[in-house]
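Chemist: Here it is, the structure, as structure tokens.
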Amino acid sequence: MDTIQITLPDGATREVPSGTTAAQIATQISPRLGKEALVARADGELVDLSRPLDHNIKLSILTAKDPDAVQVFRHSAAHLLAAAVLELYPHVKLGVGPPIDTGFFYEFVREQPFTLEDLEKIEAKMHELAAKDVPNERKLLPKAEALELYRKANQEFKCELIEEKAIEPMVSFYTTGKFIDFCRGPHIPSTGRIKAFKLMSVAGAYWKGQEGNPQMQRIYGACFVDQKELDEYLHKLEEAKRRDHRKLGTDLDLFSIQDEAGPGLIFWHPKGAIIRREMEDWLRAELTRRGYDLVFTPHVMRLELWKTSGHANFYRENMFAPMEVEKADYQLKPMNCPGHILIYKSRLRSYRELPIRLAELGTVYRYERSGVLHGLLRVRGFTQDDAHIFCMPEQIEKEVQDCVEFAWEVLRVFGFERYEVELSGGDPLRPQDYAGTPEEWKHAEDALTNTLKRMNVPYKFMPGEAAFYGPKIDVKLVDAIGRPWQLSTVQFDFNLPGRFDLEYVGEDGSRHQPLMVHRALWGSVERFFGVLIEQYAGAFPAWLAPVQASVLPVSGKFEEYAKQVTQQLKDAGIRVHLDDRNEKLQAKIRDAQLQKIPYMLILGGKEVEANTVAVRHRAKGDLGPRSLDQFIADLKSEINSRAAV
RNA sequence: GCCGAGGUAGCUCAGUGGUAGAGCAGCCGAUUCGUAAUCGGCAGGUCGCGAGUUCAACUCUCGCCCUCGGCUCCA
């Protein structure tokens, strides 16, 4: 019999008879590996463990430690879901069922909606099928036969997939017991190991994710190889709920959204407003330090202006409808750029002035479809920490670099440690959605790429994600529980300077067109605030905390002293609250803790006697007594350093 | 926008056609208390809005408003 040579990842080689499977090799290496193996990688390609190997090959045996293997595992779990659904509801039509980051989903078409009770039944059926340890077997069918099979079963979506995806005459299927599914694979050998999963929700989804296509019911499941990981994930979801800025916004009285006013419109309550003011004060100082000029521009401007800028064309879907005033149409601004451009254009500019950096905390209004609104993170009215930089070509890379560095300073000051950078380019297949020529786009993308490379910033290239007027660098930050949020953005613009005939007089005395960079670091004050609430779980560092210290007299007897202390703190510029309610100390402490107030000053007989304050920190607990002056000095230094405690 | 689930007191939630409930918060009183909830009382509602069915609607039907989850991740 022929032998073939298997090269393992450590370089070792093995001679085995042709037709040996990866599973057999795994068991040879060690019985334990044989048991833990989920799937194999042969010459870089994922294959079933049961696939007979017939030529010399580089082989890795993958276990749950390999992320790709986990995805295969989840994909098999998706098949298990479909198998269970088909047993319970034989007439459903099948869509697709891929793995996702935390599990899997599968799509179905069924007349009646799946209810929560249905999900329970399906989950039980999945466990039942898993317990039988049914093998996942690969089968090859001629394309015509495959189509015929699905036609008979009325599975028109599967037919569509085969028509689109099958390039070879034979197409692969996987069977899980009675269930058979058109699938490239690979899969784990059998269902027995799929135990740690939980069906989470059922949601509507368009076929192939495209609006206008039929809607399917998508059943989502969380799924991990180990129960422990599933438990951790479910715990993380609980944690996320606890930190949800919408809940904390109400609990801590930071902001609200009101039906009477309209969806996606934010009311900043006094405590939220304090945080915003501190944030803005920091930002304005930083902008000034970095050579930006702060401006203000109107909220409504003539529609004509938005035609010039191209927004009325490219951005129409996201704008509020124009309003008519004295027979002229006015447009509520969805962006700040045209306003800043008008300031630039208000007089002739010299190359000596460049770069000109115009910054504005500019409030904009955008029409977002009702289904996409989400707390502070996706709203219809918001304030961007916007700026537009007008510069000469030779200045552009430096300006972009400064923006990216500024963005990092923002992340540092607000306590974010993890971030991801994306470079978003145009979509070459949809040039009609973008302003400017392909050459201009290439030039701009190159400039951004160079900057990132020079700064040694790892980034992902995202084609088709650019703004309509130019490519951009986006900084997405990763919050405490691993979710990414897009905030900072630095966007090139080869469009507006031309549309508005922007010019400057160069050294040569003739007129040139400046380049333009749009940038926002928080993205919007609202979104950044929302992320910040979740980042700190509402426990803001002292410099941002709406109430920095709460004075808690042990009983009414010490009210006089408490009032004195409170006034001294106020005089020192500390945001302080006196809790003089007729409550026990424990209750006052509890309420201060729940309000996440950084410091509590407990005042009783001992403190009056010694003229001290007993300090309790919301996280560190009882810190003992000290003089009020000492406390004030310590707190002021904590505030001034913007310590992230 | 679309699919699904929801909307009952400030908050969290119970209430399957027959006089709207609880806990917390609030107010009043008692208590004067040492590091995460003192006790008692009172008040609080157009049951999201509007139509309809019914002797009777928080409850059933229809329309609208709003909220939540999802709608990118290739068999």
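Chemist: So which residues in region A:246-260 are part of a helix (DSSP H, G or I), in contact (Cβ under 8 Å) with a residue 12 or more places away in the chain and either more than 19 Å from A:E534 (Cβ to Cβ) or out of contact with any strand residue (DSSP E or B) (no Cβ under 9 Å at 6 or more places or on another chain) (or both)?
Modeler: A:L248, A:D251
Chemist: Note down all Cβ pairs under 7 Å where the first residue falls in region A:547-571 and is free of Cβ contacts under 8 Å to residues at least 24 places away in the same chain, the second is within 15 Å of RNA strand B (Cβ to nearest atom) and charged (D, E, K, R), and they're at least six residues apart or on different chains.
Modeler: A:E559/A:D580
Chemist: Can you go through A:F414, A:F390 and tell me which one is farther than 30 Å from A:R246 by Cβ and buried (at least 19 other Cβ atoms within 10 Å of the Cβ)?
Modeler: On inspection, the qualifying residue turns out to be A:F390.
Chemist: When A:K333 is evaluated against the numbered criteria (1) under 26 Å from the mean Cα position of the chain (by Cα); (2) in contact (Cβ under 8 Å) with a residue 40 or more places away in the chain, which criterion, by number, is the only one it fails?
Modeler: Here A:K333 meets the rest and fails (2).
Chemist: While we're here: Of the residues that sit in region A:138-155 and are in contact (Cβ under 8 Å) with a residue 40 or more places away in the chain and within 14 Å of RNA strand B (Cβ to nearest atom), which one is farthest from A:V202 (Cα to Cα)?
Modeler: Taking the candidates together, the pick is A:K139.
Chemist: Oh, and also: Look through A:G470, A:G530, A:G556 and report the one residue that is outside the structural domain of A:I389 (by TED's automatic domain parsing) and modelled with pLDDT under 95. Lay out the reasoning, then the answer.
Modeler: On the way: A:G470 fails: outside the structural domain of A:I389 (by TED's automatic domain parsing); A:G530 fails: outside the structural domain of A:I389 (by TED's automatic domain parsing).
Matching residue, one of A:G470, A:G530, A:G556: A:G556.
Chemist: Pairs please, first residue from region A:617-645 and within 17 Å of A:W543 (Cβ to Cβ), second anywhere and within 16 Å of RNA strand B (Cβ to nearest atom) and assigned to a loop (DSSP other than H, G, I, E, B), Cβ atoms under 7 Å, 6+ apart in sequence or on different chains.
Modeler: A:H617/A:P598; A:R618/A:A539; A:R618/A:K596; A:R618/A:I597; A:R618/A:P598; A:E638/A:V645
Chemist: Restricting attention to region A:124-143, which residues are outside any loop (DSSP other than H, G, I, E, B) and over 13 Å from A:F182 (Cα atoms)?
Modeler: Passing the criteria: A:A124, A:K125, A:M126, A:H127, A:E128, A:L129, A:A130, A:A131, A:P135.
Chemist: If A:L342 meets every condition in (1) part of a helix (DSSP H, G or I); (2) surrounded by 17 or more Cβ atoms within 10 Å (Cβ to Cβ); (3) modelled with pLDDT of 95 or more apart from one, which number is that one?
Modeler: Looking at each condition in turn, A:L342 falls short on (2).
Chemist: Out of A:L569, A:L552, A:L585, A:L601, which single residue is near RNA strand B (Cβ under 8 Å from one of its atoms) and either hydroxyl-bearing (S, T, Y) or over 20 Å from A:R243 (Cβ atoms) (or both)?
Modeler: A:L585
Yes/no per residue for (1) in contact with a Cys (Cβ under 8 Å, 6 or more places away or on another chain); (2) not small (G, A, S):
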site: A:E286; (1), (2): no, yes
site: A:V300; (1), (2): no, yes
site: A:G310; (1), (2): no, no
site: A:R316; (1), (2): no, yes
site: A:L354; (1), (2): yes, yes
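Chemist: Continuing with this model, one more query. Please work out which residue is surrounded by the fewest Cβ atoms within 10 Å (Cβ to Cβ), limiting yourself to region A:138-167 and to residues that are small (G, A, S) and out of contact with any strand residue (DSSP E or B) (no Cβ under 7 Å at 6 or more places or on another chain).
Modeler: Selected residue: A:A144.
Chemist: A further question follows. Find all pairs meeting these conditions: Cβ atoms under 7 angstrom apart; at least six residues apart or on different chains; first residue within region A:181-196 and within 27 Å of A:E160 (Cα to Cα); second residue in a loop (DSSP other than H, G, I, E, B) and more than 16 Å from RNA strand B (Cβ to nearest atom).
Modeler: Partner pairs satisfying both residue conditions: A:I188/A:L38.
Conditions (1) without any contact (Cβ under 8 Å) to a residue 40 or more places away in the chain; (2) of a type in the set (K, R); (3) out of contact with any Lys or Arg (no Cβ under 6 Å at 6 or more places or on another chain), marked per residue:
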position	(1), (2), (3)
A:T3	yes, no, yes
A:T7	no, no, no
A:T13	yes, no, yes
A:T27	yes, no, yes
A:E36	yes, no, yes
A:H55	no, no, yes
A:K58	no, yes, yes
A:T102	no, no, yes
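Chemist: Any chance region A:113-123 includes a residue that's part of a helix (DSSP H, G or I), closer than 24 Å to A:K208 by Cβ, more than 14 Å from RNA strand B (Cβ to nearest atom) and of a type outside the set (S, T, N, Q)?
Modeler: Yes, there is a match, as at least one residue in region A:113-123 is part of a helix (DSSP H, G or I), closer than 24 Å to A:K208 by Cβ, more than 14 Å from RNA strand B (Cβ to nearest atom) and of a type outside the set (S, T, N, Q).
Chemist: Condition first: of a type outside the set (S, T, N, Q), modelled with pLDDT under 90, over 19 Å from A:P67 (Cα atoms) and within 14 Å of RNA strand B (Cβ to nearest atom). Can you find one or more residues in region A:185-192 that meet it?
Modeler: No, every residue in region A:185-192 fails to be of a type outside the set (S, T, N, Q), modelled with pLDDT under 90, over 19 Å from A:P67 (Cα atoms) and within 14 Å of RNA strand B (Cβ to nearest atom).
Chemist: Follow-up question, since we're still on this one. Quick one: which of A:L358, A:L348 is more than 16 Å from RNA strand B (Cβ to nearest atom), among the hydrophobic types (A, V, I, L, M, F, W, C), outside any strand (DSSP E or B) and touching a strand residue (DSSP E or B) at 6+ places or on another chain (Cβ under 8 Å)?
Modeler: Values: A:L358 fails: outside any strand (DSSP E or B).
The conditions single out A:L348.
Chemist: Tally the residues that are hydrophobic (A, V, I, L, M, F, W, C) and in a loop (DSSP other than H, G, I, E, B), restricting the search to region A:541-598.
Modeler: Result for region A:541-598: 9.
Condition check ((1) modelled with pLDDT of 95 or more; (2) outside the structural domain of A:E286 (by TED's automatic domain parsing); (3) farther than 24 Å from A:K271 by Cβ; (4) out of contact with any helix residue (DSSP H, G or I) (no Cβ under 7 Å at 6 or more places or on another chain)) across all residues:
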residue: A:Q568; (1), (2), (3), (4): yes, yes, no, no
residue: A:M600; (1), (2), (3), (4): yes, yes, no, no
residue: A:L628; (1), (2), (3), (4): yes, yes, yes, no
residue: A:L635; (1), (2), (3), (4): yes, yes, no, yes
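Chemist: Going by the conditions given, is A:A592 under 23 Å from A:A273 (Cβ atoms) and either in the same structural domain as A:K271 (by TED's automatic domain parsing) or surrounded by fewer than 19 Cβ atoms within 10 Å (Cβ to Cβ) (or both)?
Modeler: no
Chemist: Taking the criterion of being in contact with an Asp or Glu (Cβ under 8 Å, 6 or more places away or on another chain) and surrounded by fewer than 18 Cβ atoms within 10 Å (Cβ to Cβ), would at least one residue in region A:598-616 satisfy it?
Modeler: Taking every residue of region A:598-616 in turn, none turns out to be in contact with an Asp or Glu (Cβ under 8 Å, 6 or more places away or on another chain) and surrounded by fewer than 18 Cβ atoms within 10 Å (Cβ to Cβ).
Chemist: Which condition from (1) of a type in the set (D, E); (2) within 10 Å of RNA strand B (Cβ to nearest atom); (3) surrounded by 23 or more Cβ atoms within 10 Å (Cβ to Cβ) is the one that A:E534 breaks?
Modeler: All conditions are met except number (2).
Chemist: Restricted to region A:168-184, and to residues that are more than 10 Å from RNA strand B (Cβ to nearest atom) and in contact with a strand residue (DSSP E or B) (Cβ under 8 Å, 6 or more places away or on another chain), which residue is farthest from A:Y106 (Cα to Cα)?
Modeler: Checking each candidate, the answer is A:P169.
The values are calculated or read from the model by the stated rules, or taken from the named source; none is laboratory data. What you are looking at is a predicted structure, and each value in this text was computed from that prediction instead of being measured. As a convention, Cβ positions derive from the backbone with ideal geometry for all residues, glycine included, and neighbour counts pool all protein chains shown.
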